[in-house]
There are 2 protein chains.
Amino acid sequence: MPETILVALGGNALVKVGQQGTIAEQAANLREALAGIVELIRRGHRLIITHGNGPQVGHILIRAEEARGKAYELPLDVCVAQSQGETGYLIQQGLQNLFMQSGVSHRPVATVISRTEVDPTDPRMKAPTKPVGPFYTREQAVLLRERGYHLMEDARRGYRRVVPSPLPVRVLEAGVIQRLVKEGVIVIAVGGGGIPVHVVEDGTLVGVEAVVDKDLASSVLAVALGVDRLLDLTGVEHVKLHFGSPMERSLDSLTVAEAKSYLAEGHFAPGSMGPKIEAAIHFLEHGGREVVITRPETALEAFEGKAGTHVFPL
Amino acid sequence: MPETILVALGGNALVKVGQQGTIAEQAANLREALAGIVELIRRGHRLIITHGNGPQVGHILIRAEEARGKAYELPLDVCVAQSQGETGYLIQQGLQNLFMQSGVSHRPVATVISRTEVDPTDPRMKAPTKPVGPFYTREQAVLLRERGYHLMEDARRGYRRVVPSPLPVRVLEAGVIQRLVKEGVIVIAVGGGGIPVHVVEDGTLVGVEAVVDKDLASSVLAVALGVDRLLDLTGVEHVKLHFGSPMERSLDSLTVAEAKSYLAEGHFAPGSMGPKIEAAIHFLEHGGREVVITRPETALEAFEGKAGTHVFPL
């Protein structure tokens, strides 16, 4: 039975550890990461593909910084918009080239620029925690603080700008994405968690200097679209308890109730596995049937229940 | 009777002469440029909005150049993709905010990342003529030539990189755009003429270091969509004969046959009014009913026949 599946591609599907992340490297990584997804499409499933944008926005910020005074400045919402164009294009073209090479009959693919509404009164707006862009020296950090940036010291690598990471309220383009998915179009959306915007007093929308978590935004979109399953492709084959300790243990499956207690016990790192588990809980508590967390390489096996970690409502 | 209209926004709708083109300036310019378009939408017309990206890609190239060695390099196709995300977002949000402020009931708006297929055997691919990015000194030009860039000397302002500007064959996303337009979605597409791609031997698509003319690509899309009218918004209220000379004369209307002879007589500058007239001819020879060329400020009057230059098939 064809299903509607939201596939969230983690940063490592585009840039691997140790790579600078050139466009050629990203295209090659995507060819590997998308192989399982092509097979899901061949089987007739409807897909929405979301993706991270950490390295891409990092490099956009480096370029903006280096060209300061020579090119106009880029607020963070515009950086995210640029990265959606860049990465959407690469995923789209990579996917269609794999269709061609693996004999999958033509399926239209479209990248929809997506905005995520956030709440200006969200307490997270007052507490910048999400690191973005390059590392700075102490001297640079002093200058950047004068510019109004929040900077956090990283024990080994210097200083880094931190921005708020508010919770996603809704994806403004959900309706348009829904229309396309219903017609069989594979849609690439909510890149980097979506362009963060909020509604101001007169009812108009303005961009926000913030970054929305990609997994949480994907979950909000998945609920809005009434998706069957969420496939979260990341750097590890399984979700783990006691990660990085001698007691480390892989999980094959868990329920929302178990996920909540493990989360409360601190098993999942904030900014890493934490938001993935929170996203899974949100999706499964709002009608979702199953969340699968695994690596892109094991996506297909995991979809068939033979790999990865499976999260169920009960 | 509601019509389907393709509106092509020229660069000056976003950045005015003398401005650096900050995001705040672009947003303010858009508010003015989109006012007439909002009225067309209020009247129930279906719209596709295309746009130029000269200043935006120019600044993306400046940033990439300044960050050379610190951030990964951006091929021109990826620069265009980034600019589509950036400008699509600004137009989309500007338009929806104008809906809000002028009481137009909600109409969905979507930005679709768009690729334009070009022919690798197009003779224009061998003759780079389209200037992109910043001006360089003679010393910089020497280094850039070693990198394989083509550079052209500009009498007053230094050297500038030139790239090929091949003819658009088709817009790959025309089908997806058509689906959305049919459902009443205002679609922003083919930014900067579309991301130039061509088909290689094995049938896969690859990006090309080139720039497609925005007006020609808009015309190819308009024909594919079976659009009624094409509204080309640029820096002048009328198309002119003997432009810039004492014999200068504004045209209120002309036929395709007249357009062809004026074009042959050299009335329309290449890279400026020339491609607009070529685009109009192509559209009108392939089923289009009317092309209107004018400034954004007179868009509505021109649409009603009271301003601008009107081009008709006969």
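Out of the residues in the stretch B:108-131 that are polar (S, T, N, Q) and surrounded by fewer than 24 Cβ atoms within 10 Å (Cβ to Cβ), which is farthest from the other protein chains (Cβ to nearest Cβ)?
Across the stretch B:108-131, the extreme among qualifying residues is B:Thr129.
Residues in the stretch A:39-91 that are at the interface with chain B (Cβ under 7 Å from one of its Cβ atoms), basic (Lys, Arg) and surrounded by fewer than 21 Cβ atoms within 10 Å (Cβ to Cβ): A:Lys70 alone. For the stretch B:133-150, taking the residues that are surrounded by 12 or more Cβ atoms within 10 Å (Cβ to Cβ) and within 19 Å of B:Val57 (Cβ to Cβ), the one that is farthest from the other protein chains (Cβ to nearest Cβ) is identified as B:His150. Here B:Leu300 meets each of (1) under 23 Å from B:Val181 (Cβ atoms); (2) surrounded by 22 or more Cβ atoms within 10 Å (Cβ to Cβ); (3) of a type in the set (A, V, I, L, M) with one exception, condition (2).
Considered as a group, the residues in the stretch B:101-121 that are part of a loop (DSSP other than H, G, I, E, B), closer than 30 Å to B:Ser165 by Cα and hydroxyl-bearing (Ser, Thr, Tyr) include one that is farthest from the chain's Cα centre (by Cα), and that residue is B:Thr121.
Residues of the stretch A:1-27 that are closer than 14 Å to A:Gly94 by Cα and out of contact with any helix residue (DSSP H, G or I) (no Cβ under 9 Å at 6 or more places or on another chain): A:Ala24, A:Glu25. Annotation note: Cβ proximity below 9 Å between a residue of the stretch B:15-39 that is farther than 23 Å from B:Ile293 by Cα and of a type in the set (Asp, Glu) and a residue that is part of a helix (DSSP H, G or I) and at pLDDT below 95 (sequence gap 6+ or interchain) occurs for no pair.
The criterion of at least 2 residues that are buried (at least 24 other Cβ atoms within 10 Å of the Cβ) is met, among strands (runs of 3 or more DSSP E) falling completely within the stretch A:185-243, by A:186-188, A:195-199, A:229-233. Checking each residue of the stretch B:142-157 against the condition of being more than 30 Å from B:Val7 (Cα to Cα), of a type outside the set (A, V, I, L, M) and either assigned to a helix (DSSP H, G or I) or touching a residue at least 24 places away in the same chain (Cβ under 8 Å) (or both) gives at least one match. For the stretch B:98-107, a residue qualifies if it is within 7 Å of another protein chain (Cβ to nearest Cβ) and touching a residue at least 40 places away in the same chain (Cβ under 8 Å), but none of them does.
I'd like the full set of residues that are part of a helix (DSSP H, G or I) and over 12 Å from A:Thr234 (Cβ atoms), limited to the stretch A:281-301. Scanning the stretch A:281-301 gives A:Ile281, A:His282, A:Phe283, A:Leu284, A:Leu300, A:Glu301. It is to be established whether one or more residues within the stretch A:81-92 are modelled with pLDDT under 95, part of a helix (DSSP H, G or I) and of a type in the set (Asp, Glu). Checked against the condition, which is being modelled with pLDDT under 95, part of a helix (DSSP H, G or I) and of a type in the set (Asp, Glu), the stretch A:81-92 yields no hits at all.
The values are calculated or read from the model by the stated rules, or taken from the named source; none is laboratory data. From a predicted model like this one, the values you see are computed outputs, not experimental measurements. Don't worry about glycine lacking a Cβ; one is built from the backbone with ideal geometry, like all the others, and counts go over all protein chains shown.
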